[in-house]
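Some notes on the structure that comes next.
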Amino acid sequence: MADPRVPDPSEQSLWRPLRLLQAAMDADIARVYADGHIDGLKPSYVMELLRLHARGPLTITELAESVGRTHSALSQKVAAMRTAGWVETVAGDDARSKKVALTGKARAVVGRLAAEWRATEAALADLEAEIPYPLSRVVTDIERALERRSFHDRIAEKLAQDPAWG
């Protein structure tokens, strides 16, 4: 049984509103796909599908590098995309290598996905014009601050001050 005297630190979160905002926006993008009868597509797959369409079949390493993800993370995503029928594995340049390629299902909608990407970027630009401090500027400012001092180092400093960590 929970001890009512023990505070729950997860009740305060600076990240939660950002995560909820992104989830809500992704849900709206998913609704656009559903409205367009593109079933079973997660918004998180679209960048990789567009990249494969533009560059042709790529190894997982090549695809991961092109979208700025780790090999491990992309390998898991590709497995999920394969299960959903959006990509397939094809023979690579030699007998040992394999490449990820679009399936016919993906090729049939990739032009529409490119249109959605452009529309989403335009909608984000409109949204940023409505607010006093655009999200893209926030991200750039955070990246610059983290170049001066990493997030890891900032967390480690706070942990060094917390007796519960030691």
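The values are calculated or read from the model by the stated rules, or taken from the named source; none is laboratory data. In this text the structure is predicted, and so the values were computed from the model without any measurement. Ideal geometry is used to build each Cβ from the backbone, glycine not excepted, and the neighbour counts take in all protein chains shown. When the accessible area is computed, the model is the full protein with side chains, heavy atoms only, and any ligands, DNA or RNA have been set aside. Shrake-Rupley method; radii C 1.70, N 1.55, O 1.52, S 1.80 Å.
Relative to the longest principal axis of the Cα atoms of the chain, helix 71-83 runs at roughly 50 degrees. Given +1 at the Cβ of Lys and Arg, -1 at the Cβ of Asp and Glu and no other charges, the dipole of region 18-166 around its Cα centre is 460 debye to the nearest 20.
For the options A30, A80, A156, a Gaussian network treatment of the chain with springs between C-alpha atoms closer than 10 Å singles out A156 as fluctuating the most.
Spin-label model, E121 to K42: label points 7 Å out along the Cα-to-beta-carbon direction sit 2.4 nm apart. With a Förster radius of 41 Å applied to the C-beta separation of E147 and M1, the computed FRET efficiency comes to 0.35.
Taking the chain as a Gaussian network, Cα atoms linked when under 10 Å apart, which of R96, R118, R107 shows the biggest mean-square fluctuation? Comparing R96, R118, R107 in the GNM, the peak value goes to R96. To the nearest 10 degrees, how steep is helix 46-55 against the longest Cα principal axis of the chain, on a 0 to 90 scale? So the helix axis and the longest Cα principal axis differ by about 40 degrees. Placing a label point 7 Å from the Cα of L135 along the Cα-to-Cβ direction, the residues of region 1-32 with a backbone N closer than 20 Å are 13-32. With Cα atoms defining each centre, region 34-109 and region 142-166 are spaced 35 Å apart in the structure. Projecting the Cα positions of A156, L124, L52 onto the charge dipole of the chain (unit charges on Cβ atoms of Lys, Arg, Asp and Glu, taken about the Cα centre) puts L52 furthest along the positive direction.
Take each peptide in 99-106, 125-132, count the other Cβ atoms within 10 Å of every residue, and average; sorted highest first, the result is 99-106, 125-132. Within the straight-line cut-off of under 25 Å between alpha carbons, the lysines reachable from K77 are K42, K98, K99, K105, sequence neighbours fewer than 8 places apart in one chain being disregarded.
Only helical runs count toward this figure. For the chain, summing -39,500 (n - 2.57) over DSSP H runs of n ≥ 4 and dividing by all residues gives -20000 deg cm²/dmol at 222 nm. The fraction of all Cα pairs in the chain landing in successive 10 Å bins from 0 to the largest distance is 8, 26, 28, 22, 13, 3, 0, given as whole percents. Solvent-accessible area of the chain (1.4 angstrom probe, protein heavy atoms only): carbon and sulfur portion equals 57 percent. When +1 charges are put on Lys and Arg Cβ atoms and -1 charges on Asp and Glu Cβ atoms, the dipole computed for region 40-90 relative to its Cα centre reaches about 120 debye. Packing, taken as the mean count of other beta carbons within 10 Å per residue, orders the peptides 45-56, 5-16 from highest to lowest as 45-56, 5-16. Taking Cβ atoms as reference points and 11 Å as the exclusive limit, the residues near R137 contribute a net charge of -2, counting Lys and Arg as +1 and Asp and Glu as -1. Measure nothing but the geometry: give the 0 to 90° angle between the long axis through the Cα atoms of 151-160 and the longest principal axis through the Cα atoms of the chain, rounded to 10°. Result, in degrees: 30.
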